[in-house]
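Report on the following structure.
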Amino acid sequence: MKLPKSFYNWISLGGATLAIISFFIILFLLLISMLYSGGSSYIGLFTFIILPVFLVIGLILIPIGMLRKTKNDKKTTAPPEQKKWPIINLNDARYRNAWLIFSIGTLLFLMLSAIGSYEAFHYTESNRFCGSVCHSVMEPEYTAYQNSPHARVACVECHVGPGAGWYVKSKLSGLYQVYAVTTGNYPKPIPTPIENLRPARETCEECHWPEKFYSRKLVSQKHYLADTKNTEWDINMEMKIGSKYEALGLKEGIHWHINPDVKIEYIATDKKREEIPWVRYTNRKTGKSVIYQSPDTTINVDQATESEIRTMDCIDCHNRPSHDYKPPQDYIDNAITAGKIPKGLPEIKVATMDVLSQDFPTTDSAMEFIESEINNYYKLLYPEIYDTAKATIDQAIEAIKAEFKKNVFPGMKVTWKEYPNQLGHLNSAGCVRCHDDQHVSKSGRTISRDCNQCHSIVAQGTPGNMEQAPALESLEFKHPVDIGEAWKSMYCTDCHQQLY
């Protein structure tokens, strides 16, 4: 097949070679991905993003080389007359072949570009792309996500959501993230993008309709004390999510905060929104507003920008819906309850908490430390158990390691303390960011700290010796370890944040 002389130059030939090689590699990878659906996450990255770039570059080099060759030929050969436009003579086999190749190639390129763009779009929206491509950076988030209640909800459903505007915004933001990962110029741990998250009404409320979450809910928690017998301590609570009667809707209860007739606004003085000295309540029906402030606040609301005053929504309490890193006491309690860690192993809770209170430079060092310390603990204090029930100890060690790797990532400096869960008030400030009896209005009213506003304790204590509340009443909280009345004046976080 004859082609124009201008095609025969190193630039055009190199471009054609690059385009052809890229094209056939793309076809090969497509075949691999169809035959092996569980292939590497990087196949999609190369198939739909990296190789198409080389294909396009190769195609662009072909006309560039041809134009350059034509220009150089004109310099060496004086034409009989100057023409502003090239002559395309389809009676000439060279031009006809070039025209056919160009036409057919353009159609194929446009068709493949459309298919490739569609596949590239879906690939960049996939969970694999979000969690696996930048494995070392996103490992904590992806691991926590896979063990969350939202494990079957695509990452982009919350982080991007519907609409072209947010899609473009997310991809522009992603350009810097690619640069940061490529150059290693990213913080450890990765900060939560609080300012860039979509409003909950555009994400969470697409599935969770607040106006229909009225009913109260019974929550049962099982804990284990750090003693010889790993004493079980249960607490059953009625969570007052909505009103006592469903027909009353959101007139009271925890979800009253997002009642359509109510508007709660606040100003936080830190990026994690843990320090909230100013709160404004507005009754949308009457228009009446009440401002509550901490006594030591210096906030001048008249000078505050619109971005600093935030309207409360779901994510202010449910701030770790898919990336929840649990503290050791929680994930070890859960492992004991599930039977992964044998409850009958004496002082396993004590031994585990001692080990997990350490900071580790790497995951490998943590694994070695857990194994050696637990083994040494029983070898020294319980030699008879170490000799006769080593398999039980090994089972506990493997379970501790597994739970650790789901919640702690030394390489990225990720622990539960870096990403506190504000749902509650035990391990993080949570509710008491506002409900602390310290936020006072001009009339002297405070935002109450009374826990019974949100939940009632139905039963508590050790199995077989549970203290039960009378019908429709609530028990006073009893601390599993005797600390007297201190729990009434202290915050739970005063101790629990310092334990581990």
Ranked His257, His439, criterion: other C-beta atoms within 10 Å, fewest first: His257, His439
DSSP H segments from the chain that extend 15 Å or more along their own axis, Cα-based, with Kyte-Doolittle mean of -1.0 or above: 10-35, 51-76, 93-124, 135-146, 164-183, 363-381, 390-407
Euclidean distance between Cα centres, the stretch 312-349 to the stretch 427-500, Å: 20 Å
P(r) histogram, all alpha-carbon pairs of the chain included - 10 Å bins from 0, percent: 3, 13, 20, 20, 16, 10, 7, 6, 4, 1, 0
Residues Thr183, Thr124, Thr203, Thr282, sorted so that the one with the fewest Cβ neighbours within 10 Å comes first: Thr183, Thr282, Thr124, Thr203
Flagged links, alpha-carbon separation over 32 Å, of Lys222/Lys288; Lys272/Lys401; Lys343/Lys417; Lys217/Lys343: Lys222/Lys288
Net charge contributed by nearby residues that have their C-beta within less than 12 Å of Arg216 (K/R +1, D/E -1): 0
Efficiency of FRET between Leu225 and Lys271 - r from beta-carbon atoms, R0 22 angstrom, step 0.05: 0.05
Centre separation in Å (Cα based) which lies between the stretch 195-274 and the stretch 358-409: 35 Å
Ordering of 376-384, 6-14 by burial proxy (mean other Cβ atoms within 10 Å per residue, highest first): 6-14, 376-384
Residue order, fewest to most beta carbons within 10 Å, for Arg320, Arg68, Arg433: Arg68, Arg320, Arg433
Greater than 21 Å apart at Cα, pairs in Lys212/Lys244; Lys229/Lys349; Lys244/Lys478; Lys212/Lys263; Lys251/Lys442; Lys271/Lys406: Lys244/Lys478; Lys251/Lys442; Lys271/Lys406
Aspartates and glutamates whose Cα lies under 15 Å from that of Lys169, excluding same-chain neighbours fewer than 8 positions away: Glu125, Glu157, Glu195
Point-to-point label distance, Gln358-Arg96, nm (Cα→Cβ direction, 7 Å offset): 8.2 nm
Relative pair counts by distance (%), Cα atoms of the stretch 328-412, 5 Å bins: 3, 15, 30, 25, 17, 8, 2, 0
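A short reminder: the numbers here are calculations on the coordinates, not readings from a lab. The structure displayed is predicted, hence computed values, not measured ones. FYI the Cβ positions are ideal-geometry reconstructions off the backbone, even for glycines, and counts take in every protein chain you see.
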